[in-house]
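Below is one structure; the comments refer to it alone.
Just so it is clear, none of the values below were taken in a lab; they were calculated from the coordinates. Bear in mind that the values here come from a model prediction, so they are computed numbers and not experimental data. Neighbour counts run over all protein chains shown; Cβ positions are idealised from the backbone, glycine included.
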Ligand SMILES: Cc1cc2nc3c(=O)[nH]c(=O)nc-3n(C[C@H](O)[C@H](O)[C@H](O)COP(=O)(O)OP(=O)(O)OC[C@H]3O[C@@H](n4cnc5c(N)ncnc54)[C@H](O)[C@@H]3O)c2cc1C
């Protein structure tokens with residue numbers, strides 16, 4: 001450990017008496033990486049904040065000593081947003097994990113950023129209320145990370161993404177000042193909507209320390225089906241048929257053959273062999289109409305060529321299907337030693353074309369591909385699987401082409417994982433120089449010295 005390093009740890013301990021300040025080494029290792037697969041970036045120190053005052057103290061310290069700070073929640077991010085690429089301090093919000101209130105009267109929850117999403121969902125459902133955003137990492141991602149990435153999930157199809165449930169935020173600015181924006185009421189339009197600016201700002205403008213979230217009544221009925229198709233294209237066409245018939249399922253997830261093959265041996269649900277594509281469709285609501293809608297979706301799948309349509313018979317079967325769905329990302333990692341996973345989104349009508357483009361790109365580069373995801377909203381997780389690091393270069397070229405295809409079809413480079421580090425070199429393909437320059441000016445207004453999560457989102461100069 002260098003003298004400078006020792007000084008930083010000691011100085012932080014003086015600044016935050018009694019707080020957990022972790023020096024580089026074994027205990028800090030968990031904070032060096034996330035789920036992006038981009039590697040390890042050891043910070044010079046990790047601070048586990050105990051309260052808002054700790055967060056403010058760290059930000060003031062950062063400004064005074066010109067040391068970068070990277071906020072961190074559960075570390076489940078897939079775009080490298082929580083990586084300390086410039087060293088400095090990783091500021092973990094994991095211990096700010098209280099659910100401060102679940103109000104049935106106002107239909108809001110007030111939470112700290114370190115609350116794990118699944119914990120919040122359980123708490124609000126116990127009160128017969130519903131917090132719809134459901135990224136598949138819900139067992140370990142935190143509300144802070146969800147807010148910073150404006151996370152979506154299967155239910156975004158019907159209910160929207162995290163942003164749609166944020167009423168107010170408390171946030172610590174890069175100079176240490178605590179600000180409150182937004183409101184507790186369901187409506188409110190005073191001033192610029194800085195609440196919504198902070199949502200999705202990927203931890204680059206302020207550190208979120210509290211959120212007031214909107215809740216809905218808990219749907220009384222939830223019905224789920226799984227349909228198997230000879231090909232993924234037929235599955236994708238069934239998505240069009242379901243929406244074309246005026247139905248709005250709460251989730252409509254597509255799985256291709258490679259995905260089913262990878263997940264089957266490990267998951268509670270075993271897919272039949274020889275199936276080319278599957279759709280997981282879920283309807284919800286408050287009356288008998290929900291079952292009718294499910295039946296209609298099933299018929300539309302059959303008309304679109306489904307080989308078989310299975311309806312979950314009870315909550316255990318439903319949970320088993322979703323557990324299987326949530327295991328896909330990890331299961332694919334076991335197929336080949338390396339994978340690059342992207343989350344492009346295209347307009348729903350372009351889903352078939354996007355899948356075709358991915359297959360063509362994979363075949364041309366000699367790389368196996370696997371696609372799955374939130375087909376209902378055109379958000380496709382495209383995976384390129386490769387065996388050796390020598391193939392990594394080829395994979396990057398292939399991913400470049402996948403991004404181009406998504407943009408050509410009117411889509412985006414990231415539907416939910418954020419730009420972070422992983423996709424910053426693609427941002428200028430999607431957005432004009434003027435738009436990127438405007439965002440850089442917003443960043444400078446919050447963080448003129450570029451100390452909060454530097455080097456993320458925007459392409460290197
Ligand atoms: C298996 C798997 C499935 C996934 N499924 C989905 C999915 O369905 N939908 C989806 O959207 N994402 C999904 N993700 C991605 C990821 O889980 C989400 O982006 C999640 O919101 C990250 O939360 P986190 O707490 O882990 O954040 P982290 O990874 O710790 O951080 C993510 C970003 O948030 C910033 N941040 C964290 N806390 C704060 C705070 N308090 N204030 C300011 N900035 C902060 C960090 O600086 C970083 O930029 C998945 C990931 C995995 C591994």
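Of note:
- When you restrict to C-alpha pairs under 8 Å that are six or more residues apart and normalise by the size of region 336-419, the relative contact order lands at 44 percent.
- If you look at the Cα atoms of region 389-433, you get an Rg and a Dmax of 11.1, 34 Å.
- Extension gain from residue 7 to residue 299, taking 0.36 nm per residue of separation minus the Cα-Cα distance: 98.3 nm
- With respect to the chain, whose longest principal axis is taken over its alpha-carbon atoms, helix 289-303 is tilted by about 60°.
- Remark on the chain: Rg and Dmax equal 22.4, 71 Å (Cα only).
- Footprinting exposure proxy for 22, 328, 99 (fewest neighbouring C-beta atoms within 10 Å first): 99, 22, 328
- Space enclosed by the convex hull of the alpha-carbon atoms of region 18-142, per residue, Å³: 118 Å³
- Mean-position separation - Cα centroids, region 285-331 and region 26-95, in angstrom: 40 Å
- Cα pair distances of region 381-461 binned at 10 Å [whole percent]: 15, 43, 28, 12, 1
- The ranking of 391, 253, 401 by Cβ neighbour count inside 10 Å, starting from the fewest, reads 401, 391, 253.
- Our summary gives region 3-92 a relative contact order of 33 percent, counting only alpha carbon pairs under 8 angstrom and 6 or more residues apart.
- The calculated FRET efficiency for the pair residue 60 and residue 128, based on their C-beta separation and a Förster distance of 51 Å, comes to about 0.75.
- Over 17 Å [Cα-Cα, region 219-334], rounded percent: 51 percent
- Against the chain, whose longest principal axis comes from its Cα atoms, helix 3-15 is set at around 90 degrees.
- Normalised per residue, the volume of the convex hull around the Cα set of region 99-217 (Å³): 97 Å³
- Computing Rg and the Kirkwood Rh from the Cα coordinates of region 57-121 gives a ratio, Rg/Rh, of 1.10.
- Alpha-carbon geometry of region 211-273: the Rg and the Dmax are 15.6, 46 Å, given in that order.
- Estimated FRET transfer efficiency when R0 is 30 angstrom, pair residue 401-residue 460 (beta carbons, to 0.05): 0.85
- Among 101, 450, a tally of other beta-carbon atoms within 10 Å of each Cβ gives an order, fewest to most, of 101, 450.
- Model label zone, residue 323; criterion: amide N under 18 Å from point 7 Å along Cα-to-beta-carbon; scope region 127-162: 136-140
- Per residue of the chain, the DSSP helices (runs of n ≥ 4 H) give a summed -39500 (n - 2.57) that works out to -10500 deg cm²/dmol at 222 nm.
- When the alpha carbon gyration tensor of region 140-271 is reduced to an equivalent ellipsoid, the three semi-axes, largest first, read 37, 19, 13 Å.
- With a Förster radius of 30 Å applied to the C-beta separation of residue 390 and residue 27, the computed FRET efficiency comes to 0.30.
- Taking label positions 7 Å along the Cα-Cβ direction at both residue 190 and residue 40, the computed distance is 4.9 nm, reported to one decimal.
- Stokes-Einstein D in µm²/s, Kirkwood radius over Cα pairs - region 336-419 at 25 °C with 0.890 mPa s viscosity: 196 µm²/s
- Label-to-label distance for residue 104 and residue 316 is 3.0 nm, based on points extended 7 Å past Cα in the beta-carbon direction.
- Angle of helix 52-65 to the longest C-alpha principal axis of the chain, folded into 0 to 90 degrees and rounded to 10: 60°.
- The orientation-averaged projection of the convex hull spanning the C-alpha atoms of region 3-92 amounts to 5.5 square nanometres.
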